[in-house]
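Structure first, then comments.
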Amino acid sequence: MIAAVQARPALRAALVASLVLVLEWSRALGAAQPGFTVVALLLGGIALAAVAIGWPADRLGLGRSRLGLRLIGGCALGAVLLLPAAVRSGTAPLLPAGLAMAAIAVSIGEELAFRGALYAALEDAGGAPLAVLGTTLLWTLAHALSHPPEFLPAVAAAGLLLALWRWACRDLVAPIVGHAIADLAL
Amino acid sequence: MRKLALLGVAAALYAGAAWSVAPGFYDGFGPPAPYNFTCPPPQAGANQKPSSGHADIPVTGGVSEAFSAFTDDGQIVIGFLPGAFLAGGKTTITVDITPLDTCPQPSGIRFVTNAYKITASAALNADKRANLTLRYSNLEPDPASVYQATDPNGTWTEKSSQPGAPFTIVTTTTTFGYFAAGYASSSPPPGAVTIGGGQLLPIIVAVLVVVVVLAGLPLAVMRRRRS
């Protein structure tokens, strides 16, 4: 069964996409329940990260080569993601410790799932254009339950930016760092 | 070069898309929908008027049913247990929630939510407290308490309150009247960021830009020399 799925990249990409969507929607629904928010975010982040298990680190865009540049790239992405909010509003609430941990877990989990495993699966199935556009589309769909419709263009644009970085630099460290910085700041 | 240009275009696209929605961000742990302010702060951007709400609560066998009344935008929800009302022979009890058109500014209190008037056609049973949940915006400091008044221009009383789901504050009540959430203006707002005069986000972005420039340039030069 596993061998059959691995031999069919399109089938594998469809399975990974379905799994990631179900996990993200479950996380969003769980996080909306009073008293269950932090647990749902933490478990959701861990479950999303688990999607990347089995993929070689280099296929996920992970690695320690050029680590300094990757980390700086993460800072640059974080600055870009926060810039509109920083210009519009200077104040920011401080996240409670539990929620901050959850923010980090979700950031890492989402990047490993979307720009990591899903990107690699879609790239195998149809090349880089499918991987960039496919992860952006699924990323936007995944946020449809947790965000009102007027936020979805910004969600899609952020997904496109992070996916393009993943493609251009073959790197996932910077998207993880940028995503975590942005989620922690707001 | 083409990759760099594409990244630049994507960053510009994101800035435009994020700018069109307050607070200007794609994700994070802010409230799921923008807050509808009666008196929007300058940074709120496009603002819609807050909604009102109405509920008809059935009374069966002289006991009012468990029910929730809420505004259409979900910014205030009040939940009632079975028998929460002194029904007094009524078959239905009506509850109305109306946002005030004005923003009360009582001495010593800084409100961060709209003020709402809640009325009902029957009084509450003092033994069955109603749960009141107020949502607030991430554009304002977190409130410390819910306050209640019988007259919006009169005295506001602090109620025992606790945080609920993210960006909500919860209290209980046995009477109706006017409700709003805020904090004592004599003390710093709870959870408020005070470094840099409260301008945390611009400072974060500035630090990130400085890190990128100061650390990125030498790294790029070193890589160029090596290659």
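What to note about this one:
- Here is the figure for the stretch A:17-62: residues that are among the charged types (D, E, K, R) and over 21 Å from residue A:101 (Cα atoms) total 2.
- The stretch B:146-170, residues that are under 17 Å from residue B:70 (Cβ atoms) and either more than 14 Å from every other protein chain (Cβ to nearest Cβ) or over 17 Å from the mean Cα position of the chain (by Cα) (or both): B:146
- Annotation: residue B:173 fulfils all but one of (1) modelled with pLDDT of 80 or more; (2) over 25 Å from residue B:101 (Cα atoms); (3) more than 10 Å from every other protein chain (Cβ to nearest Cβ); the unmet one is (2).
- Test result for residue A:138, closer than 25 Å to residue A:18 by Cβ and either more than 7 Å from every other protein chain (Cβ to nearest Cβ) or not aliphatic (A, V, I, L, M) (or both): yes
- Selection within the stretch A:87-137 - among the hydroxyl-bearing types (Ser, Thr, Tyr), over 16 Å from residue A:48 (Cβ atoms) and at pLDDT 95 or above: A:136
- Each residue in the stretch A:145-186 was checked for being assigned to a loop (DSSP other than H, G, I, E, B) and in contact (Cβ under 8 Å) with a residue 60 or more places away in the chain, and 6 pass.
- The set of residues in the stretch A:132-156 being of a type in the set (A, V, I, L, M) and under 13 Å from the mean Cα position of the chain (by Cα) consists of A:132, A:137, A:138, A:141, A:142, A:155, A:156.
- Residue among B:120, B:180, B:206, B:165 that is at pLDDT 85 or above, among the small types (Gly, Ala, Ser) and closer than 30 Å to residue A:184 by Cβ: B:180
- When restricted to residues that are hydroxyl-bearing (Ser, Thr, Tyr) and over 20 Å from residue B:114 (Cα atoms), the stretch B:42-82 contains 2.
- Subset of the stretch B:84-124 [under 11 Å from residue B:57 (Cβ atoms) and part of a loop (DSSP other than H, G, I, E, B)]: B:84, B:87, B:90, B:91, B:121, B:122
- Within the stretch B:67-96, tally of residues that are closer than 11 Å to residue B:53 by Cα and not acidic (Asp, Glu): 11
- Residue in the stretch B:34-52 that is modelled with the lowest pLDDT, counting only those that are in a loop (DSSP other than H, G, I, E, B), surrounded by fewer than 16 Cβ atoms within 10 Å (Cβ to Cβ) and within 12 Å of another protein chain (Cβ to nearest Cβ): B:46
- For the condition farther than 21 Å from residue A:18 by Cβ, more than 7 Å from chain B (Cβ to nearest Cβ) and not basic (Lys, Arg), residue A:153 does not qualify.
The values are calculated or read from the model by the stated rules, or taken from the named source; none is laboratory data. Everything numeric in this text was worked out from a predicted model, so none of it was measured. Counting neighbours? That spans all protein chains shown, and the Cβs are built from the backbone with ideal geometry, glycine included.
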